[in-house]
Amino acid sequence: MSPRPRVAVVFGGRSPEHSISCLTAAGVAAVIDPRDYDLVMVGVTRKGEWVVGDDPSAMATPGPDGLPEVSRGDDGRELHVPGQPPRELTQVDVVLPLLHGAYGEDGTLQGLLEFADVRYVGSGVLASAVAMDKDVMKTLLAAAGVPICRWVTLTARQWQTHPEAVTAQVGELGWPVFVKPSRAGSSFGITKVSSADDLPAAIAHATAFDPKVIVEEAVVGREVECGVLEGVDGAPAQVSVLGEVLVGGDHDFYDFEAKYTDADALELVIPAVVEHGVTEQLARLAPTAFAALCCEGLARVDFFLTDDGELVLNEVNTMPGFTPSSMFPRVWAASGLDYPALVDRLLRTALSRPLGLR
């Protein structure tokens, strides 16, 4: 390892969350101190082409929707055709994989790095894959005793061959329900459904992103989130203060537009105002979920806080949004760890990780 570790920030990717990854990378790259780290940016286009450069804002130009997309411009060059990662990716001390969604956050990139004996920030292959698949994630969390909502899992084929049976099974959850792609993030493909009549359109929308779909019962309560960091030198995982998401305007739930394109729709309250008993639940449930999924490095854990004061876990995100305005860095800032220090801690945790099986 060099005195000034070389860091590859990987961003973009082939998933629908491409632009969110670009925003995350720009925020993180801006706070990595060049006196401490030698930084290289590795972008992945929507087609899977690998591009290298120094400036993420130059490598990611505005797309048709105004959000950034990795492109091959003056500050970047195509390294390889899709599916063939660049040699430069293995010539670093640590990789910061800021890809969101499929083909990056789901264990695929982590597997490549493990095979190449390259250290990286965040969870390994298993935890990344499990946390990306909401159905498998909920199954493991339920086995660990973590409170979760009821859900039904279906495939596009099941819906095509047995729509009546699927509708009856979903109806047992009660209306309304939320129909979601099982392996997607950033609220892509999610529909709130109030009756069986609206179910076919919602399933069609979800299967456009993933042939595996989950349908969840609606949980009435506040949307609250916290950050978890892997403990240092074998210490227990640390949990941040709780933040609350308040959604307004014309949004019926925390959808993609509320998250990223409607500046007036969202308010983050940090720290969230909760009873002491809720804080005690958080200190128990968040590390339990982190351990149950075999997470490493970091995670954002999302809950519903019911009117009875009980936390119901919604999902665990192993590579959360990381812009300066995102929930994850903000709850850690409120917990005493500012944005630059948070990124530095994640890099140093990864650099101290042994290679091979852990």
* Asked: Once you wrap a convex hull around the alpha carbon atoms of the chain, what is its projected area averaged over all directions, in nm²?
  -> 18.1 nm²
* Added length on full extension, which subtracts the Cα-Cα distance from 0.36 nm per residue, Glu280 to Ala58 -> 75.4 nm
* Asked: Which one of Gly111, Gly63, Gly48 has the biggest mean-square fluctuation once the chain is modelled by GNM with Cα springs under 10 Å?
  -> Gly63
* Determine the calculated [θ] at 222 nm for the chain from helices alone, applying -39500 (n - 2.57) to every DSSP H run no shorter than 4 residues and normalising by the residue count; nearest 500 deg cm²/dmol. => -9000 deg cm²/dmol
* Structure fact -> Calc'd 3J(HN,Hα), segment 89-106, phi into Karplus 6.51 cos²θ - 1.76 cosθ + 1.60 (θ = phi - 60°), Hz, glycine/Pro = x, comes to 5, 9, 9, 10, 7, 7, 10, 9, x, 9, 6, 10, x, 5, 6, x, 8, 9
* Give the Rg/Rh ratio for segment 74-232, taking Rg as the radius of gyration of the Cα atoms and Rh as the Kirkwood radius, to two decimals. => 1.05
* Take every Cα pair under 8 Å in segment 6-120 that's 6+ residues apart, average their separations, divide by the length, and report that relative contact order as a whole percent. => 31 percent
* Could you give the nm distance between label points at Lys47 and Val247, where each point is 7 Å from its Cα heading toward the beta carbon? -> 3.5 nm
* **Distance in nm between pseudo-label sites at Asp198 and Leu355 (7 Å out along the Cβ direction from Cα)** => 5.3 nm
* **Long-range amide H partners of Leu337 with built H, under 5 Å** => none
* Percent antiparallel among DSSP beta bridges with both residues in the chain, to the nearest 5? -> 75 percent
* Considering Cα pairs under 8 angstrom that are at least six residues apart, work out the relative contact order of the chain and quote it in whole percent. => 17 percent
* Using r as the Cβ-Cβ distance of Ala165 and Cys294, and R0 as 41 Å, what FRET efficiency do you calculate, to the nearest 0.05? -> 0.75
* Asked: With θ set to phi - 60° and the Karplus curve 6.51 cos²θ - 1.76 cosθ + 1.60, what are the ³J(HN,Hα) couplings of segment 329-343 in order, to the nearest whole Hz, using x for Gly and Pro?
  -> x, 6, 5, 6, 4, 5, 9, x, 10, 6, 4, x, 5, 5, 4
* **Table column - 3J(HN,Hα) (Hz), segment 55-72, Karplus curve with 6.51, -1.76, 1.60, x for Gly and Pro** => 10, x, 6, 7, 7, 10, 9, x, x, x, 8, x, 8, x, 9, 5, 9, 9
* Give me the compactness ratio for segment 1-152, meaning the Cα radius of gyration over 2.2 N^0.38 Å. => 1.11
* Asked: What residue among Lys180, Lys138, Lys192 has the largest mean-square fluctuation in a Gaussian network model of the chain, using Cα springs under 10 Å?
  -> Lys192
* Asked: Translational D (Stokes-Einstein, µm²/s) of segment 151-217 at 37 °C and 0.692 mPa s when Rh comes from the Kirkwood sum over C-alpha pairs?
  -> 289 µm²/s
* Asked: Using a Förster distance of 30 Å, how high is the FRET efficiency between Asp36 and Leu67, based on the Cβ-Cβ distance and rounded to 0.05?
  -> 0.50
* Interchain or long-range residues, amide H under 5 Å from Leu39's placed H -> Val7
* To do: First select every other residue whose beta carbon is under 11 angstrom from the beta carbon of Leu229; then total the charges, Lys and Arg +1, Asp and Glu -1.
  => 0
* **FRET E, pair Ala143, Ala235, Förster distance 25 Å, beta-carbon r, rounded to 0.05** => 0.45
* Put +1 on the Cβ of each Lys and Arg and -1 on the Cβ of each Asp and Glu in the chain; which of Gly101, Phe115, Ala168 then has its Cα farthest toward the positive end of the dipole? -> Phe115
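The numbers here are math on the coordinates, done by the rules we state, and not lab data. No experiment lies behind these values; they were computed from the predicted model shown. Positions of Cβ are backbone-derived with ideal geometry, glycine not excepted, and every protein chain shown enters the neighbour counts.
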